[in-house]
Amino acid sequence: MTLSDDELRAHLERRAAATPPVDLADPARIVASTPRRDPARGRLRSIGIASAAASVVLAIVLVGSSVLRDASLASPSPAASSLAVGTPSQTAPPTPPPAEVWKGLLWREVAGAPFTFPGDTVVMDGIADGDGFLVVGYTINGNDVTGRIWRSADGQSWRLVEGDWLETAQFERVLRFQDGYVMLGRESGTDAGAGDSRQAVWWSVDGSTWVERTPEGSDFLNPWSAAAGRSGLLIYSSDKVGHKHWLRSDADFRWTRVDADWPDDVRIFGVAAGGAGWLAFGATGAGGPTTMRAEGTQGAIWTSSDAVSWVAATVNEPGGQIHAINEVGGRLVALGSNSSLRCDGCLGTIPPPEAVVTWVSADGQTWRRTGQLEPASTRLGETGANSPQVTSDSSRLLAFNLATTGQPMVRQSFDGAIWSELPVLDADGLGSGGLGIHVFPDVRTPLILGHRGVITFAEDPYDADATARGLLPQFGAAAKFLPDGLRPFASRPEIIPNDQPCPNQEPCGP
Amino acid sequence: MTDLLVERARRGDADAFVALIEERQVAMARVATAILGNEADVADALQETMVALWRELPRLRTVDRFPAWADAILVNACRLVLRRRARARVRQVPLESGPDGDLRLPVRGSPEAELADRDLFDRAFETLSVDARAVLVLHHLEGRSVVAIAEALRIPAGTVKSRLFAARRDLERALERERR
């Protein structure tokens, strides 16, 4: 019996068409659980074996039998993996290993850290870096601006990255990119006072040695938001005449500019990596700085694979605006609020404390509203510290705010839907007196979540006579067990409102 | 871009490896499915392949050889899976029962006949060795040249030609046997 080429190809096509879902094998999990062969010696590295074994033990202890299938992948022998992933029934999207459950945060002030300089110093952004952190900001002293990069391996011991080039730089964002880091900021040249600073991008493999990778000939002025992912680096910016655009870079910093011609009523608050490549988020239905819209705005998300064509995602119960998107536990979690963006750019608007609304999506295209994290109080005037401030990494979200009692409140979630309270213990005996500046200052600084805890920075109490002022780093170390002898923070003393008339309508004293 | 990902993955960049696999996963699944024809086997072969790719990548000397090298590992994984699962498979030829209870052969050109034809091909194809299946799939399904297959399977181009010829002949003979 003869078989023509066409018949053969048709049969093979038919067989291939029965391809099962391709997420049966999760490469990320394989990487995490498979030690590599040492090319020089042709044997397994002992550290790889140790880490794989530790992973297996940890996985078994933490999550019990449901993870045993994953743990079996840690076998160094490829032949042993047939019992693991690969049954026909496993068609759900791959999920990362469950995060370690934290039982509390042991809050302490980090002493002796290099955060005090002449002038005013601010921390603008930071990222988890191994078990520690990489944090960026700058110091303004007269006409001089100096970029600051701080690093820590554990959140408690910090060192300052030094270099002459920092004396004309100003850092505003830091991101993980490929196997290194990217910073966005400004470069002022030799004369910062001349006001000729320009936007700049720097890249580093190790976090200490940085190389400038600014797009040539670019006049981008305000990087509103930036994200890094497998598709490259994407910056949402505007040029000197206010035209919004995307700046897209591949892994080798080959830049492409794409005009962002959004309708007038669209506000893009940020961009994130995920879904088909990129996710932009914000609101629709916005008016201009002088326009109040009775109907308000609606939260919105758009997806794109190339930053050229954007498709509106389906957002169930979209609320008023969407502020952030993070990848947590293998799913995308959007954070926003119910409040409408009624007056974009209006001055003097004091919003009341707001709830944080969450949406979840597996693919970035369809979003389901999953939860609402209420503020401790909705009284007008209790704004800064009462609205939950959410920070996240790839495995958990933490929300910080002050409770109505004045005590710090931290809530933990692994999906953006279910939140549980996390005790904050006073590990340094800071007491209630300094709660406002030590734990949850009204003026929020970045809260950076790492593998071992969370770092934030309070401003040093203002002293007009001081020639050097600094920041007070506060580290909340993750506790797997709550130690004896430590107590939660006491309540903050009640603040007497100053908007009530004095008794008998008499003039009040100072 | 692929070369860059390969280089980064080779040096231990997990994200690059994930991106690299995502780039190739559909194609690998397609080849494995055509060779193995069984979803569970395909899943295991893909799993084997990815474990081997990650473990062995540091030993890959030239990144531009990655596609051929990955093909070789995939075919080898298919071979291992089949060898390990030397199990009897029961397949049913779709025959209908008539009203009086006797069996009727499907009418030629009917959906049942088409189904029987597919099953016939699958049974014949699965009598072939994995190497024979691989050359047929890579050449006739994926459109790879003889030279590309030779590089992937690390055999001379002449051997690929003879394997293609032999595989085709063996398949046709198996079809004859199955049809009787």
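Computed from the coordinates by the stated procedures, all read-outs in this text should not be read as laboratory data. Small disclaimer: the values here were computed from a predicted structure and weren't measured. Counting neighbours? That spans all protein chains shown, and the Cβs are built from the backbone with ideal geometry, glycine included.
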Between the alpha carbon centres of the stretch B:1-65 and the stretch A:107-171 the gap in Å comes to 40
Across B:34-40, the residue-averaged tally of Cβ atoms belonging to other chains within 10 Å stands at 5
In whole Hz, the Karplus estimates of ³J(HN,Hα) for the stretch A:164-177 (6.51, -1.76, 1.60; θ = phi - 60°; x where Gly or Pro) are 4, 4, 5, 6, 10, 10, 8, 9, 10, 9, 9, 9, 7, 9
So the compactness index of the stretch B:106-180, its C-alpha Rg divided by 2.2 N^0.38 Å, takes the value 1.28
Packing-ranked peptide list from B:68-80, B:146-158, B:116-128, highest mean Cβ count within 10 angstrom first, is B:68-80, B:116-128, B:146-158
Per residue of A:407-420, other chain Cβ atoms within 10 Å number on average 0
In nm, the gap between the two label points placed 7 Å beyond Cα toward Cβ at A:Trp262 and A:Glu7 is 5.9
By the C-alpha gyration tensor axes a ≥ b ≥ c (rounded if a/c is under 1.5, else prolate when a/b exceeds b/c, else oblate), the shape of the stretch B:1-87 is prolate
Fewest to most Cβ atoms within 10 Å: A:Trp359, A:Trp302 sort as A:Trp302, A:Trp359
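Can you give the average number of partner chain beta-carbon atoms within 10 Å of each beta-carbon in peptide B:12-24, as a whole number? Working shown, then result.
Details: counts 3, 4, 6, 9, 5, 4, 7, 6, 2, 7, 5, 1, 1.
Per residue, the number of nearby Cβ atoms from other chains is 5 on average.
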Note, A:Ser395: beta-carbon cut-off 12 Å, +1 each Lys/Arg, -1 each Asp/Glu, net -2
Taking every other residue with Cβ under 15 Å from the Cβ of B:Asp3 and scoring Lys and Arg +1, Asp and Glu -1, one gets +1
Net charge (Lys, Arg +1; Asp, Glu -1) of residues whose beta-carbon lies under 10 Å from that of B:Ala34, B:Ala34 excluded, is +2
Taking A:Val122, A:Val333, A:Val101 and counting other beta carbon atoms within 10 angstrom, the fewest-first order is A:Val101, A:Val122, A:Val333
For A:Val201, A:Val123, A:Val211, ascending order of other Cβ atoms within 10 Å (fewest first) is A:Val211, A:Val123, A:Val201
